[in-house]
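Structure incoming, see below.
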Amino acid sequence: MKKNTQNSDFQHIGNKLLDWYKENARDLPFRQTKDPYKIWICEIVFQQTRISQGLNHYNNFIRRFPDVQTLADAEEDEVILYWKGLGYYSRAINVHKASQQIMNDYNGVFPSQYEDILKLKGVGKYTAAAISSICFEGKIPAVDGNFYRVLSRVFADNFDISNSRAFNYFSALAEMIMPQNVGDFNQAMMDLGSEICKPKNPLCHECPLQEDCLAFSMNKTSEFPVKTKKIKTEDLHLKYYFVHRNGRFLIRQRKDDFIWKKLFEFPDSISEKLEPFSKGTKTISHKLTHKNLTIEVVDVEVTSEAVWNEFVTQNQYIITDLEASHEKSFPKPLENYIQNQK
DNA sequence: CAGACGTGGTG
DNA sequence: TCACCAAGTCT
C-alpha cells in the first residue's frame, strides 16, 4: 500500500495519465457502468480485438444476455451464435461456462475478490485485474499489450515482451507509476495505448507523458517494445462439399479441438454415389494468425432425392437453408460462401 | 510453457 | 502485397 503513496519517483507519471484521462476518455458503452457482468463481457470481447471490430458484438450480446442468469440459462450454441464473426470462439464457450460457475459457486452474485474472479473460465490475470480494479476498487494493474508498449517506451526498457516473464516484469513497472485510482489508471493506459501510444506512428506530440518518455527523448519510439519471437505460419489445405438440393444444404458441427471448435461446417467427404452430382469447385484463401488456409469447396447439387436422403441419413448431417443458416455460427470463409449463394 | 486460437485493420 | 498487430487465455 505504502509504495503507492510515497517513495515513488515515478508516480507523477500515473497522475498525469489520470489527468489526461479525465479530459480524453473515450465515450464507450461500458464506461458508464460498474456492473461487473458488463465489464467482464466487455473485457472478454475486446481481448485481441479492436473496439471498432467488437462494439456491435458487445452491444448485441448484452442486449440478448443482460445478466449472469440469462447467460447461464442460454444454450451454448446461441452464445456461440452471438460470437459469430468475432473470432477466438473459445471465449464464447468460456463465458457461458463461467456464468454457470457464478450461478453455482457464488449464488449468481459476481465474485468481488481477485482470486475468485481469476477462477472463472476464460478469465486470466489481465481480465481479473481489470474487473477487480474497475468494479471493486482492486489495486492491481491490468497489464496488457498497451502496458507493454507504453511502459517499454516511457522507460526505454528493452525487456523482451515475448518472454513469458514479461507479465510479471511489466506489472512491477506499472506499480511504480500506479496512482490510487487503479480502475481509471488501467483504463487510461488502454486509451493512451490505442489512441496515442500506438504501435506504429505514435502521436507523441499529443502525449501527456512526452516529457517523461525516454524513448521519445532518444527519438527511438519505434524500437519499443522489443519482441523477438516471430509468428510462423504454415499452409493448410481444407476441402469441403457444398451438398445441396432445392435450396437446402448440409452442415455439421465441429467437435474436435482444432480451429473453429463447435462452429458449423460443410461435409468434408462425400459418397461415391454423390460424385456424379459434382459441378464446379471454388477455391478460397483465408489467413489466420498461424495458418494460411486454402479452402476448396466443391458444389454438389443432388438431383436425386433417394441419393440425398441416403447420404443425409447415413452421415447424420443437419439440413439447413439460407434463411435458417443465420441461426448457426460458421467460420468466416464458410459464412461468406453461404452468403454468396444468394 | 511455447504454441494454438480468428478476424480485420494498417503501413 | 503481406507481416505485424489488437483490452489474452488455455493447454
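Quick check on this structure: which one of A:133, A:171 is open to solvent by 10 Å² or more (accessible area, probe 1.4 Å), farther than 30 Å from residue A:259 by Cα and within 14 Å of DNA strand C (Cβ to nearest atom)?
Going through A:133, A:171 in turn, the sole match is A:171.
Away from DNA strand C (no atom under 15 Å from the Cβ) and within 20 Å of the chain's Cα centre (by Cα): which single residue out of A:44, A:80, A:51 fits that description?
Sole residue among the options that is away from DNA strand C (no atom under 15 Å from the Cβ) and within 20 Å of the chain's Cα centre (by Cα): A:80.
For the range A:209-230, what are the residues that are open to solvent by 30 Å² or more (accessible area, probe 1.4 Å) and either under 29 Å from the mean Cα position of the chain (by Cα) or within 14 Å of DNA strand B (Cβ to nearest atom) (or both)?
Within the range A:209-230, A:222, A:223, A:225, A:226, A:227, A:228, A:229, A:230 meet the criteria.
Enumerate the pairs (first residue in the range A:191-208 and touching a residue at least 40 places away in the same chain (Cβ under 8 Å); second residue anywhere and small (Gly, Ala, Ser) and within 11 Å of DNA strand C (Cβ to nearest atom)) with beta-carbon separation below 7 Å, excluding pairs fewer than 6 apart on the same chain, so at least 6 apart or on different chains.
A:191/A:25
If I filter the range A:277-318 down to residues being polar (S, T, N, Q) and under 36 Å from the mean Cα position of the chain (by Cα), which single residue comes out as surrounded by the fewest Cβ atoms within 10 Å (Cβ to Cβ)?
A:316
Here is a list of conditions, (1) of a type in the set (S, T, N, Q); (2) outside any helix (DSSP H, G or I); (3) crowded, with 17+ Cβ neighbours inside 10 Å, and residue A:94 meets all of them except one; can you say which number that is?
(2)
While we're looking at this one, here's another question. Any residue at all in the range A:245-253 that's without any contact (Cβ under 8 Å) to a residue 12 or more places away in the chain, open to solvent by 100 Å² or more (accessible area, probe 1.4 Å) and farther than 20 Å from residue A:313 by Cα?
No, the range A:245-253 contains no residue that is without any contact (Cβ under 8 Å) to a residue 12 or more places away in the chain, open to solvent by 100 Å² or more (accessible area, probe 1.4 Å) and farther than 20 Å from residue A:313 by Cα.
I would also like to ask the following. Restricting the search to the range A:59-84, which residues are open to solvent by 30 Å² or more (accessible area, probe 1.4 Å) and either under 21 Å from residue A:33 (Cβ atoms) or touching a helix residue (DSSP H, G or I) at 6+ places or on another chain (Cβ under 6 Å) (or both)?
A:59, A:60, A:63, A:64, A:66, A:67, A:69, A:70, A:76, A:82
The values are calculated or read from the model by the stated rules, or taken from the named source; none is laboratory data. As the structure is a prediction and not an experimental result, all values here were calculated from the model. With ideal geometry, Cβ positions are generated from the backbone for all residues, glycine too; neighbour counts draw on all protein chains shown. With ligands, DNA and RNA removed, areas are computed over all heavy atoms of the protein, side chains included. Shrake-Rupley method; radii C 1.70, N 1.55, O 1.52, S 1.80 Å.
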